[in-house]
Structures are given as structure tokens and as C-alpha cells.
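Q: Would you mind keeping the following structure in view while I ask a few things?
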Amino acid sequence: MQWVKDSIKGLKAYNTNQRPFRIKLDANEGKNILFRDIISQGLRFEEDFYINYYPDNDAAKLREELGNYVGVNHENIMVGNGSSELIELVIKTFVDKGETIMSFVPSFSMYQIFSQIHSARFAGVERNEDFTVDIDLLIKRAKEINPKLILLCNPNNPTGSLIDKKDIKKLLENTDSLVVVDEAYIEFAESSIAREALKYNNLIVLRTLSKALGLAAIRLGYAIACDEIIEVLNCVRVPYNLNAITQYIGVLALKNKEKIHDYVEEVKKEREFLYDELSKLPFTVYKSYANFVLIKSDIEDLAEKLEAQGILIRSFSGDMKQYYRITVGDRSENLELIKSLKEIVNDEKK
């Protein structure tokens, strides 16, 4: 098409696979731990909830609850339509055409895609062979290239690896770049830097309710940063960017800290179980601090073979071909997965 701008020519749409399944372990979704009866009981809104009015542009009640949940001042929080909206908002706000965005690779694919859409250069810094990182290498490259923005997914998707908080602080104190730490999976790990975001004028922390709270469908993410950064982002943010129903559900969900904590502990336990069981099979299994485990397998079309048995996992292409990301399920799902994998492995030996 003649009107399409050059930066997005050749870009492919983000297509999700709508496939039948009996066990879904391909998208890192959390379990529905907070609204199990929503279908039968529906949502009960307060009397002052008006569907015909625009939502609260400031999302005041939601930001208050988020502040209580994280332990930061609500004035230093901005909410968005999923953390993906906030990633793009940061790029729109701070990165001009031709400027450089840097990240470790492999990482969340949308970092590179948003860079391309907004005509920025993307510079990837390779991870170690085991997908851990060398923060000194990143600092060295940053000093050479001088990126406007550095994006860190922590824990990282799709590898599950974690950067220690002290290394993030080292980066913040040794770079002139704006640093975004994407903590979508941080509840399943340690080392969050969210409570220290206000100490730095070059740090933005992104979080989401999609994973540990099991609310991927409502698309709710949030950013934590110093006053000046939040003020600038609000100048660029689309008015009424978060609908009233999402705000309402978010407030209800965040009041259930005990349920969230219990679910996170369950995932951690099942993650270790899954890691141990996968390690008994002829796969390379990588240590994970998220709600998924990454493996490498020499079995051709492993994901397709599992799909034939009604189990979905995530496969990759290019440099990540033969790697597979498996969401941590509950015990029954994990046992079914392992059973199917053992059958596939045995079939390969015949």
C-alpha cells in the first residue's frame, strides 16, 4: 500500500493461535484465582458506577490500590491498557526517529517491533550461553552506542533468567540512558526494584496484572517512576486510556493479597516440580524465575506433536528454533504434560 510508512513495511501482524486444546501452556497466563464465579454470578458494581460516563482519566482508586500493593506513592504510578501500551508510550515519549533502543537478546519480541514502528534503531546485546547476562558488557556497549533507552525484561521472557537488583543499580548509575525494567513476572521471583524507582531520574518500572493475578483478559498494566517522568508520560498518554470495567476489576483484585501470595507460592512449587521432571528427559532445561520453563529439544516439531495430544506450548523460530517455552500448570496439567512428553520421547527411540 502506497501510504504505509517505510518503518513498518514488511512488519507482520501479531497473530494468536486459536486452536482447540485440553491443556493450554503456551501463553504464560495465570490461573483465575480471584473471579472463579464471574460467569455464574457476574460482576456487581457499586451504585456510583455509570457505564454511560467516561472512566476516571486518573484511575484514582486503582492507583491507590496499586500503591498499597507495591508499596509506593500512588502519585508515582500510571496505569495502561496492558504493560505493552506503556512500553510503546515510553518509546513515543522519549525516543526520536533514528535514536537507539538497547536490550539483551533474546527477550520480549515487542521491544524490537515497537522500535521498528517508531523508526528507532534496535541494538541487541547477546546473553550468555545459559541465557544469564553480563551487565558489564551491557554497560560497555551502552557507553559505545549511547542508546536513548535500555529495556530490561526481568525475569526475562522467554528465557526465565533473572538480573539481580544490584546489577540493575550498577547499570542505572553507569549510563546516561533511560532504563525501563519490565517486571511482568516479578512476583514469581525476587529482586524487584519497583520500590526504589523514585530514587532514580532515569528509571521506569513496568508491572502487570496478567500473570500473578491471572487477569490477562482485562489488559491492565502500570508504570512506576519519579514525578518528572510520570508527568511527561501523562502529557503523551491518550485520555481515558483505561476503561472503567478494567479499573473496577483491578481494584477488587488487588484487595486479595493473601490469595495472590498463595497462588504465587503454588506456581513456584510447581515450577520446581516441572523443572525436575523435564530434566529427567533428554532436554536442556533452563533455570526459571517466572511462571514458565524454557527447554531445548532435538525432537523435530515437538510443539506439533504435543498439540496432537491437545497440549499447547510455545515454539520459536530463527535463532531460537528447537527452543520451547512451557507455562507452569497445576499439578494435574504438569503430570499430563510429562506423560505426553515421555510418550513422544519413547516414540522417537523406535
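The values are calculated or read from the model by the stated rules, or taken from the named source; none is laboratory data. Bear in mind that the values here come from a model prediction, so they are computed numbers and not experimental data. Cβ coordinates were reconstructed from backbone atoms using ideal geometry, including for glycine residues, and neighbour counts include every protein chain displayed.
Q: Quick check on my filter: what residues within region 152-209 are crowded, with 22+ Cβ neighbours inside 10 Å, acidic (D, E) and either in a loop (DSSP other than H, G, I, E, B) or over 20 Å from the mean Cα position of the chain (by Cα) (or both)?
A: Of everything in region 152-209, just one residue is crowded, with 22+ Cβ neighbours inside 10 Å, acidic (D, E) and either in a loop (DSSP other than H, G, I, E, B) or over 20 Å from the mean Cα position of the chain (by Cα) (or both), namely E183.
Results for (1) outside the structural domain of Y185 (by TED's automatic domain parsing); (2) in contact with a Phe, Trp or Tyr (Cβ under 8 Å, 6 or more places away or on another chain); (3) in a loop (DSSP other than H, G, I, E, B), shown as yes or no for each residue.
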position: E270; (1), (2), (3): yes, no, no
position: L274; (1), (2), (3): yes, no, no
position: E277; (1), (2), (3): yes, no, no
position: Y289; (1), (2), (3): yes, yes, yes
position: E304; (1), (2), (3): yes, no, no
position: I326; (1), (2), (3): yes, yes, no
position: G329; (1), (2), (3): yes, no, yes
position: E333; (1), (2), (3): yes, no, no
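Q: Sticking with this structure for a sec: Which of (1) assigned to a helix (DSSP H, G or I); (2) under 22 Å from D96 (Cα atoms); (3) not hydrophobic (A, V, I, L, M, F, W, C) is the odd one out, the single condition T246 does not satisfy?
A: (2) is the only condition that T246 fails.
Q: Only one of (1) in the same structural domain as E231 (by TED's automatic domain parsing); (2) surrounded by 14 or more Cβ atoms within 10 Å (Cβ to Cβ) fails for G98. Which number is that?
A: That leaves (2) as the condition not met.
Q: Considering (1) surrounded by fewer than 17 Cβ atoms within 10 Å (Cβ to Cβ); (2) under 30 Å from D330 (Cβ atoms); (3) not hydroxyl-bearing (S, T, Y), say which one E231 fails and leave the rest.
A: Only one criterion in (1) surrounded by fewer than 17 Cβ atoms within 10 Å (Cβ to Cβ); (2) under 30 Å from D330 (Cβ atoms); (3) not hydroxyl-bearing (S, T, Y) is unmet by E231, namely (2).
Q: Within the group I23, I38, I8, which residue is modelled with pLDDT of 90 or more and surrounded by 10 or more Cβ atoms within 10 Å (Cβ to Cβ)?
A: Working: I38 fails: modelled with pLDDT of 90 or more; I8 fails: modelled with pLDDT of 90 or more.
The unique qualifying residue is I23.
Q: Considering only region 188-197, I want to know if a residue exists there that is β-branched (V, I, T), assigned by TED's automatic domain parsing to the domain that holds I101 and in contact with a helix residue (DSSP H, G or I) (Cβ under 7 Å, 6 or more places away or on another chain). First the steps, then the outcome.
A: The first filter runs over region 188-197 and keeps only residues β-branched (V, I, T), leaving 193.
Keeping just the survivors that are assigned by TED's automatic domain parsing to the domain that holds I101 gives 193.
Then keep just the ones that are in contact with a helix residue (DSSP H, G or I) (Cβ under 7 Å, 6 or more places away or on another chain); that gives 193.
Scanning region 188-197, I find at least one residue that is β-branched (V, I, T), assigned by TED's automatic domain parsing to the domain that holds I101 and in contact with a helix residue (DSSP H, G or I) (Cβ under 7 Å, 6 or more places away or on another chain), so the answer is yes.
Q: Condition check: assigned to a strand (DSSP E or B), under 19 Å from the mean Cα position of the chain (by Cα) and in contact (Cβ under 8 Å) with a residue 24 or more places away in the chain. Does L89 satisfy that?
A: The answer is no for L89.
Q: Could you please let me know if L274 is more than 29 Å from R219 (Cα to Cα) and surrounded by 21 or more Cβ atoms within 10 Å (Cβ to Cβ)?
A: Numbers: more than 29 Å from R219 (Cα to Cα): no; surrounded by 21 or more Cβ atoms within 10 Å (Cβ to Cβ): yes.
No: the conditions fail for L274.
Q: Another question about this same structure. Under the condition of being closer than 17 Å to V264 by Cα and buried (at least 18 other Cβ atoms within 10 Å of the Cβ), which residue from region 327-350 is nearest to the chain's Cα centre (by Cα)?
A: Looking at the filtered set, the residue picked out is T327.
Q: Residues Q116, Q112: which one is out of contact with any helix residue (DSSP H, G or I) (no Cβ under 7 Å at 6 or more places or on another chain) and more than 24 Å from K287 (Cα to Cα)? Reasoning before the result, please.
A: On the way: Q116 fails: out of contact with any helix residue (DSSP H, G or I) (no Cβ under 7 Å at 6 or more places or on another chain).
Answer to the selection: Q112.
Q: Where residues in region 179-228 are β-branched (V, I, T) and in contact (Cβ under 8 Å) with a residue 40 or more places away in the chain, which of them is nearest to E64 (Cα to Cα)? If you could, list the steps in order and put the result at the bottom.
A: Residues of region 179-228 that are β-branched (V, I, T), as a first pass: 179-181, 186, 193, 204-205, 208, 218, 224.
Still in the running and in contact (Cβ under 8 Å) with a residue 40 or more places away in the chain: 180, 204, 208, 224.
Details: V180: 22, I204: 18, T208: 15, I224: 13 Å.
Across region 179-228, the extreme among qualifying residues is I224.
Q: May I pose another question? Between residues in region 51-79 that are surrounded by fewer than 17 Cβ atoms within 10 Å (Cβ to Cβ) and residues that are of a type in the set (S, T, Y) and outside any helix (DSSP H, G or I), which pairs lie under 8 Å by C-beta distance while being six or more apart or on different chains?
A: Y54/Y240; N57/Y240
Q: Let me ask something additional. Any residue at all in region 113-135 that is in contact (Cβ under 8 Å) with a residue 24 or more places away in the chain, over 18 Å from the mean Cα position of the chain (by Cα) and over 30 Å from A216 (Cα atoms)?
A: yes
Q: Still on this structure, please answer the following. Mind checking which residues of region 41-76 are modelled with pLDDT of 90 or more, in a helix (DSSP H, G or I) and either aliphatic (A, V, I, L, M) or farther than 24 Å from P239 by Cα (or both)?
A: Selection gives A60, L62, L66, N68, Y69, V70.
Q: State the number of residues belonging to region 185-213 that are modelled with pLDDT of 95 or more and either in contact with a His (Cβ under 7 Å, 6 or more places away or on another chain) or on the phi > 0 side of the Ramachandran plot (or both).
A: Residues in region 185-213 being modelled with pLDDT of 95 or more and either in contact with a His (Cβ under 7 Å, 6 or more places away or on another chain) or on the phi > 0 side of the Ramachandran plot (or both): 0 in total.
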